[in-house]
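Asks: Sharing a structure with you now.
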Amino acid sequence: QKEVEQDPGPLSVPEGAIVSLNCTYSNSAFQYFMWYRQYSRKGPELLMYTYSSGNKEDGRFTAQVDKSSKYISLFIRDSQPSDSATYLCAMIYLSGGSYIPTFGRGTSLIVHP
Amino acid sequence: DSGVTQTPKHLITATGQRVTLRCSPRSGDLSVYWYQQSLDQGLQFLIQYYNGEERAKGNILERFSAQQFPDLHSELNLSSLELGDSALYFCASSGGRNEQFFGPGTRLTVL
């Protein structure tokens, strides 16, 4: 079992829809949680960063963390064709004084007009 | 633009060769991370440097090595290259928190 599980998709939605992207994890030591957006052949772009359970909102994006269930989500409201990209979840745990990152495989999102 | 720069953008080389990838972090960031991204493996953490010292190791092969220089730029050296090393290589930098900001990547093709 991988430490971080993420459905690769593709997830296809119409413009204006609410998108829900999810990751589950097995390592209870993960402390920090991030979501990245990656356009084809480009570097990942940080969207959301959080370190506690609960919700964090930034514009059309809401990140949700449930540490008890080891489950994180990213919601995108009023989705746009420009949101079409691969979304990567990332998690970090502290080990021996170092922060070790682990990424999900990414979910491909397609928003069609 | 994340502020992280990587050179070269593309690299084509032959099996058995050695290449060096370069990364300049965002101004003020002391940490540099290196990642390999391939279609079948996703984004794999290779190694982290902090202010010139190795801080953490991930799935880095013995044929690969890295270093961070006093001006904080970093280089990833890949030697005895194999076909399977063809991938996108990203570096990321971070400051006081753990948010990582990625560069545009170097696409390595090994023929």
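The values are calculated or read from the model by the stated rules, or taken from the named source; none is laboratory data. In this text, all values refer to a predicted model and were calculated from it rather than measured experimentally. Here Cβ is always computed from backbone atoms with ideal geometry, including for glycine, and neighbour counts include all displayed protein chains.
Asks: Of the numbered conditions (1) among the acidic types (Asp, Glu); (2) within 30 Å of B:His10 (Cα to Cα); (3) at pLDDT below 95, A:Glu3 fails exactly one; give the number of that condition.
Replies: (2)
Asks: List, please: which pairs have Cβ atoms under 7 Å, are six or more places apart or on different chains, and start with a residue in segment B:85-97 that is outside any strand (DSSP E or B) and end with one that is hydroxyl-bearing (Ser, Thr, Tyr)?
Replies: Going by the 7 Å Cβ cut-off, the qualifying pairs are B:Ser86/B:Thr109.
Asks: For B:Phe101, work out the one condition from (1) more than 13 Å from B:Asp29 (Cα to Cα); (2) among the hydrophobic types (A, V, I, L, M, F, W, C); (3) within 14 Å of another protein chain (Cβ to nearest Cβ) it doesn't fulfil.
Replies: Only one criterion in (1) more than 13 Å from B:Asp29 (Cα to Cα); (2) among the hydrophobic types (A, V, I, L, M, F, W, C); (3) within 14 Å of another protein chain (Cβ to nearest Cβ) is unmet by B:Phe101, namely (1).
Asks: For segment B:1-28, give me each residue that is surrounded by 14 or more Cβ atoms within 10 Å (Cβ to Cβ) and modelled with pLDDT under 95.
Replies: Once the filter is applied, which keeps residues that are surrounded by 14 or more Cβ atoms within 10 Å (Cβ to Cβ) and modelled with pLDDT under 95, segment B:1-28 yields only B:Ser2.
Asks: Also: Just wondering, is there one or more residues in segment A:54-62 that are within 21 Å of B:Asp1 (Cα to Cα) and in contact with a Pro (Cβ under 9 Å, 6 or more places away or on another chain)? Working first, answer last.
Replies: First pass over segment A:54-62, keeping only residues within 21 Å of B:Asp1 (Cα to Cα): A:58-61.
The next check asks that each one be in contact with a Pro (Cβ under 9 Å, 6 or more places away or on another chain); those that pass are none.
No - not one qualifying residue is present in segment A:54-62.
Asks: Right, next: With the structure loaded, tell me whether A:Gln64 is within 12 Å of chain B (Cβ to nearest Cβ), of a type in the set (S, T, N, Q) and assigned to a strand (DSSP E or B) or whether it fails that test. Full working, then the answer.
Replies: On the way: within 12 Å of chain B (Cβ to nearest Cβ): no; of a type in the set (S, T, N, Q): yes; assigned to a strand (DSSP E or B): yes.
Criteria not met by A:Gln64.
Asks: List, please: which pairs have Cβ atoms under 6 Å, are six or more places apart or on different chains, and start with a residue in segment B:55-76 that is over 21 Å from B:Thr7 (Cα atoms) and touching a residue at least 12 places away in the same chain (Cβ under 8 Å) and end with one that is of a type in the set (Phe, Trp, Tyr) and surrounded by 15 or more Cβ atoms within 10 Å (Cβ to Cβ)?
Replies: Matching pairs, first to second residue: B:Gly58/B:Phe45.
Here is a yes/no grid of residues against (1) exposed (fewer than 13 other Cβ atoms within 10 Å of the Cβ); (2) more than 15 Å from A:Phe30 (Cβ to Cβ); (3) in contact with a strand residue (DSSP E or B) (Cβ under 8 Å, 6 or more places away or on another chain):
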site	(1), (2), (3)
A:Ala63	no, no, yes
A:Lys70	no, no, yes
A:Phe75	no, yes, yes
A:Ala85	no, yes, yes
A:Met91	no, no, yes
A:Ser95	yes, no, yes
A:Tyr99	no, no, yes
A:Thr102	no, no, yes
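Asks: Could you list, ordered by first residue, the pairs with Cβ atoms under 6 Å in which the first is in segment A:82-99 and under 30 Å from A:Ala17 (Cβ atoms) and the second is among the small types (Gly, Ala, Ser) and outside any strand (DSSP E or B), at least 6 apart or interchain?
Replies: From residues that are under 30 Å from A:Ala17 (Cβ atoms), the pairs are A:Thr86/A:Gly106; A:Leu88/A:Gly104; A:Leu88/A:Gly106; A:Cys89/A:Gly104.
Asks: Kindly indicate whether A:Phe103 is more than 14 Å from every other protein chain (Cβ to nearest Cβ) and in contact (Cβ under 8 Å) with a residue 40 or more places away in the chain. Give the steps one after another, and end with the answer.
Replies: Working: more than 14 Å from every other protein chain (Cβ to nearest Cβ): no; in contact (Cβ under 8 Å) with a residue 40 or more places away in the chain: yes.
So A:Phe103 does not fit the description; no.
Asks: Further, regarding this structure: Could you please give the count of residues in segment B:50-84 that are in a loop (DSSP other than H, G, I, E, B), within 11 Å of chain A (Cβ to nearest Cβ) and either surrounded by fewer than 15 Cβ atoms within 10 Å (Cβ to Cβ) or hydrophobic (A, V, I, L, M, F, W, C) (or both)? It would help to see each step written out before you state the result.
Replies: Of segment B:50-84, the ones in a loop (DSSP other than H, G, I, E, B) are B:51-52, B:58-63, B:69-73, B:79-82.
Then keep just the ones that are within 11 Å of chain A (Cβ to nearest Cβ); that gives B:58-59.
Narrowing the set further to residues that are either surrounded by fewer than 15 Cβ atoms within 10 Å (Cβ to Cβ) or hydrophobic (A, V, I, L, M, F, W, C) (or both) leaves B:59.
Counting residues in segment B:50-84 that are in a loop (DSSP other than H, G, I, E, B), within 11 Å of chain A (Cβ to nearest Cβ) and either surrounded by fewer than 15 Cβ atoms within 10 Å (Cβ to Cβ) or hydrophobic (A, V, I, L, M, F, W, C) (or both) gives 1.
Asks: Now for a different question. Residue check: is A:Tyr49 within 14 Å of the chain's Cα centre (by Cα), more than 10 Å from chain B (Cβ to nearest Cβ) and either surrounded by 17 or more Cβ atoms within 10 Å (Cβ to Cβ) or not in a strand (DSSP E or B) (or both)?
Replies: Details: within 14 Å of the chain's Cα centre (by Cα): yes; more than 10 Å from chain B (Cβ to nearest Cβ): no; either surrounded by 17 or more Cβ atoms within 10 Å (Cβ to Cβ) or not in a strand (DSSP E or B) (or both): yes.
The answer is no for A:Tyr49.
Asks: Against the definition (part of a strand (DSSP E or B), within 14 Å of another protein chain (Cβ to nearest Cβ) and modelled with pLDDT of 95 or more), how does A:Thr86 come out, yes or no? Please lay out each step first, then the result.
Replies: Details: part of a strand (DSSP E or B): yes; within 14 Å of another protein chain (Cβ to nearest Cβ): yes; modelled with pLDDT of 95 or more: yes.
Against the criterion (part of a strand (DSSP E or B), within 14 Å of another protein chain (Cβ to nearest Cβ) and modelled with pLDDT of 95 or more), A:Thr86 qualifies.
Asks: Can you find even one residue in segment B:28-49 that is within 11 Å of chain A (Cβ to nearest Cβ), over 10 Å from the mean Cα position of the chain (by Cα), of a type in the set (A, V, I, L, M, F, W, C) and closer than 24 Å to A:Gln38 by Cβ?
Replies: Among the residues of segment B:28-49, at least one is within 11 Å of chain A (Cβ to nearest Cβ), over 10 Å from the mean Cα position of the chain (by Cα), of a type in the set (A, V, I, L, M, F, W, C) and closer than 24 Å to A:Gln38 by Cβ, which makes the answer yes.
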